[in-house]
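Derivation of every value follows stated rules applied to the coordinates shown; laboratory data play no part. The structure presented is a predicted model; accordingly, all values stated were derived computationally and were not measured. Using ideal geometry, Cβ is built from the backbone for each residue, glycine included, and neighbour counts are taken over all protein chains shown.
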Amino acid sequence: MAVLGALIRLGPGEHPLASVAESAGLPAPTAHRYLQALMREGAVEQLGPRARYALTDALHGPPSSTPAQPLQAGPPSPAVRAEIVTLQSRTGQAAFVYRPHLIGTPMRICAERAYGSHVDEILTSPQIALRSLESAPLEADAAGLAILACLGSVSDHKIDIAHVREEGHAIGPSPLQGRTMIAAPIWYGSAVAGSVALLAKDAPMRRAATRARYVTAVMDTAAAMSGHLTRSGTRRAS
């Protein structure tokens, strides 16, 4: 976590080992060992002949030499798209995939969405709700908390992140009135790559069996996406 935090603080682009070690507060050999482990997991890439390191954006492929625009996300992989569509069809509720943006204010950014029959209802929602569905601070809702819990961050607002980590998912109000958000983290090896979220209507969520079914569907989808991303990262590294 110290090495990942150092790369986040250093910002986009490639960074030499000495800079990473200094930012992490670790001896260079220790930082190098952790960087090698993160590379094996696909969370970090080594670039250039002078062994410079950069974070990998798991949902959208390896980093380029030109930093991406902070609040923009490219199209996710076909496998991720297929899983989010399957989740929407399986539950009949709107589903979203989010990626983390950890430079500056930590945010969650929408990378993919599947509205199903709810498209008209969602697209005619108030603009503030639509903007919140696209991007929001990690502490704003379940989609962000699912990511935040995996980063080991400490909340200033006393949100029970430990409980989210223990349960493997987060549940809470969504930006849309009358809907509850259920979210689970997506992993890229041992690094969190984002979260998958379901916006479930409140009425069916009050039924214990339906609530459990939705939670299971979200966690199954997150596990499937994590498998796709980790396997694709392994193929790129081999």
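Quick notes
- Placing pseudo-labels 7 Å out from each Cα toward the beta carbon at Ala212 and Arg40 gives an inter-label distance of 3.9 nm.
- Burial ordering of Ser19, Ser174, fewest other beta-carbon atoms within 10 Å first: Ser19, Ser174
- Point-to-point label distance, Ile103-Glu134, nm (Cα→Cβ direction, 7 Å offset): 1.9 nm
- Residues Met39, Met225, Met107, Met181, ranked from the fewest to the most other C-beta atoms within 10 Å, line up as Met39, Met107, Met181, Met225.
- Judged by the gyration tensor of its Cα atoms, with axes a ≥ b ≥ c, region 2-55 is rounded; a/c sits under the 1.5 cut.
- Distance between the 7 Å Cα→Cβ label points at Thr30 and Ala203: 5.7 nm.
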